[in-house]
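**Student:** Got a structure for you, written out below as structure tokens; questions coming shortly.
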């Protein structure tokens with residue numbers, strides 16, 4: 001009798017294990033299906049010197065890219081029953097010298113997808129004279145192309161093409177705000193006249209200005225060179241490019257940011273207000289630059305989701 005009971009217990013355990021295994025198999029395809037990486041350009045990368053075609057993207061063990069010559073979009077789609085139809089292109093930061101891909105890009109994208117928002121991590125080209133004909137437009141070309149690709153594939157990814165936003169951190173915030181204020185002039189081929197204007201912008205501790213008293217000098221030097229002209233400085237000082245049609249914005253930073261002055265966020269917010277562009281500014285007293293890197297992703301993103309609901313980018 002004891003042997004029979006042991007055998008029955010053993011069979012029950014086997015059945016439980018099999019049930020768990022089958023459950024995992026059912027869940028795994030959903031998780032894996034949600035991700036894919038696509039080349040941003042189907043053919044030759046524009047504005048690239050020939051040498052760029054022979055230099056691979058170089059990722060460090062920390063998930064940071066120090067060389068990007070072949071830009072990509074990594075796609076994170078929400079589960080179908082959770083999808084809101086809203087999408088966001090994410091530009092990680094790194095002073096235009098690196099791309100903090102995993103910590104600012106991938107982790108953020110996963111949280112968006114968990115909340116029903118399709119997310120696309122942009123691995124944009126880093127501005128280099130050695131690999132680009134004109135490095136000042138290189139990152140912007142990739143941001144414009146990313147918005148174009150997402151909109152043109154809206155049906156495939158079950159996205160509302162009128163709810164496609166852009167997000168950026170630090171220098172990635174400069175790139176995102178550049179796309180939000182320079183969308184009228186295409187720096188890529190756009191024969192179908194796809195709308196390149198993001199519907200909204202989300203900026204975390206962003207570099208906004210290239211002016212001497214506001215800019216993060218490393219970002220400016222990497223993008224514009226050591227001795228940029230006043231015309232070039234003004235062109236990429238995005239607070240000077242705001243107009244009545246600039247996309248609505250959510251901006252967040254800390255007051256004690258020692259790397260990028262919080263005045264970048266404040267000046268941009270003020271310019272948006274002057275043009276009656278809906279904007280929300282969240283300034284925390286402490287946390288330093290890159291404060292999201294030492295917080296739980298869900299915690300610092302919760303105010304963003306609340307703003308998106310208030311602004312009707314996602315449903316309440």
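**Student:** Here is a list: 113, 154, 118. Which entry is modelled with pLDDT of 95 or more and surrounded by 24 or more Cβ atoms within 10 Å (Cβ to Cβ)?
**Tutor:** 118
**Student:** Here are some residues: 23, 103. Which one is part of a helix (DSSP H, G or I), exposed (fewer than 11 other Cβ atoms within 10 Å of the Cβ) and modelled with pLDDT under 95?
**Tutor:** Every option except 23 fails the conditions.
**Student:** Return yes or no: is residue 197 more than 17 Å from residue 249 (Cβ to Cβ), in a loop (DSSP other than H, G, I, E, B) and within 16 Å of the chain's Cα centre (by Cα)?
**Tutor:** no
Condition check ((1) in contact with a strand residue (DSSP E or B) (Cβ under 6 Å, 6 or more places away or on another chain); (2) within 25 Å of residue 313 (Cα to Cα)) across all residues:
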{"residue": "230", "(1), (2)": "no, no"}
{"residue": "233", "(1), (2)": "no, no"}
{"residue": "239", "(1), (2)": "no, yes"}
{"residue": "242", "(1), (2)": "no, yes"}
{"residue": "247", "(1), (2)": "yes, yes"}
{"residue": "251", "(1), (2)": "yes, yes"}
{"residue": "256", "(1), (2)": "no, no"}
{"residue": "263", "(1), (2)": "no, no"}
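**Student:** Criterion first (modelled with pLDDT of 95 or more, part of a helix (DSSP H, G or I) and crowded, with 20+ Cβ neighbours inside 10 Å) does residue 140 satisfy it?
**Tutor:** yes
**Student:** Here's a follow-up. In region 185-206, how many are under 22 Å from residue 108 (Cα atoms) and touching a residue at least 60 places away in the same chain (Cβ under 8 Å)?
**Tutor:** So the answer is 8.
**Student:** Across region 72-100, what is the total count of residues that are in a loop (DSSP other than H, G, I, E, B) and within 11 Å of the chain's Cα centre (by Cα)?
**Tutor:** The total comes to 2.
**Student:** Quick check, is residue 182 surrounded by fewer than 18 Cβ atoms within 10 Å (Cβ to Cβ) and either free of Cβ contacts under 8 Å to residues at least 60 places away in the same chain or more than 20 Å from the chain's Cα centre (by Cα) (or both)?
**Tutor:** no
**Student:** Of all the residues that make up region 102-125, how many are over 16 Å from residue 39 (Cα atoms) and either under 13 Å from the mean Cα position of the chain (by Cα) or touching a residue at least 40 places away in the same chain (Cβ under 8 Å) (or both)?
**Tutor:** 16
The values are calculated or read from the model by the stated rules, or taken from the named source; none is laboratory data. If you're wondering where the values come from, they're calculated on a predicted model, not measured in any experiment. With ideal geometry, Cβ positions are generated from the backbone for all residues, glycine too; neighbour counts draw on all protein chains shown.
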